[in-house]
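The values are calculated or read from the model by the stated rules, or taken from the named source; none is laboratory data. Predicted, not measured: the structure shown is a model, and the values here were computed from it. Cβ atoms come from the backbone with ideal geometry, glycine included; neighbour counts cover every protein chain shown. Surface accessibility is based on the protein's heavy atoms, side chains included, excluding ligands, DNA and RNA. Shrake-Rupley method; radii C 1.70, N 1.55, O 1.52, S 1.80 Å.
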Amino acid sequence: MLAAASFAASIWHLPVDPDDVFYLAPYRFWELLIGALIALRPARALEGSAFAFLGLGLIAGAVLLYDDKTLFPGLAALAPTLGAALAINGAREGMAAAPSSPPAPSSSSARSPTRSISCTGR
């Protein structure tokens, strides 16, 4: 309900004051909430490369089709926001867009001594 209220407020207030809608959190809260929902509870039904590429397509469409006359964020933010959510949620290991964990340290770097640097100026 909070996301819907924030989204509706951003659409309603955008023609009145675009700067407020762009910079103030109550109007952009719906975007943050979509990201939080994906991070906390990924939608298993929307996993896979088709959804990831659909999301990337929505982002690319916004990049290519929006211009300086596009009222943003408001309704225009829906495509790139949902695109990012689909790309993040749909990505799986082995895909180019999939998140990966950092590599484990190699045994040689784990054994190398560290040096401390003194900042006393002497």
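Among the conditions (1) within 16 Å of the chain's Cα centre (by Cα); (2) free of Cβ contacts under 8 Å to residues at least 12 places away in the same chain; (3) open to solvent by less than 80 Å² (accessible area, probe 1.4 Å), D20 misses just one, which is (1). When residues in segment 6-25 are screened for being within 16 Å of T81 (Cβ to Cβ) and either touching a strand residue (DSSP E or B) at 6+ places or on another chain (Cβ under 6 Å) or of a type outside the set (V, I, T) (or both), 8 of them pass. Examine segment 9-16 for a residue that is open to solvent by 70 Å² or more (accessible area, probe 1.4 Å) and outside any helix (DSSP H, G or I), and state whether such a residue exists. Checked segment 9-16: at least one residue is open to solvent by 70 Å² or more (accessible area, probe 1.4 Å) and outside any helix (DSSP H, G or I). Each residue in segment 40-62 was checked for being in contact (Cβ under 8 Å) with a residue 12 or more places away in the chain, open to solvent by 80 Å² or more (accessible area, probe 1.4 Å) and either assigned to a loop (DSSP other than H, G, I, E, B) or aliphatic (A, V, I, L, M) (or both), and 1 of them qualify. Among the residues making up segment 11-41, a single one is hydroxyl-bearing (S, T, Y) and out of contact with any Asp or Glu (no Cβ under 9 Å at 6 or more places or on another chain): Y23.
If you go through segment 69-79 one residue at a time, do you hit one that is part of a loop (DSSP other than H, G, I, E, B), at pLDDT 85 or above and open to solvent by 80 Å² or more (accessible area, probe 1.4 Å)? Yes: segment 69-79 contains one or more residues that are part of a loop (DSSP other than H, G, I, E, B), at pLDDT 85 or above and open to solvent by 80 Å² or more (accessible area, probe 1.4 Å). Give the residues of segment 23-38 that are over 18 Å from A79 (Cβ atoms) and without any contact (Cβ under 8 Å) to a residue 12 or more places away in the chain, sorted by residue number. Within segment 23-38, Y23, L24, A25, A36 qualify.
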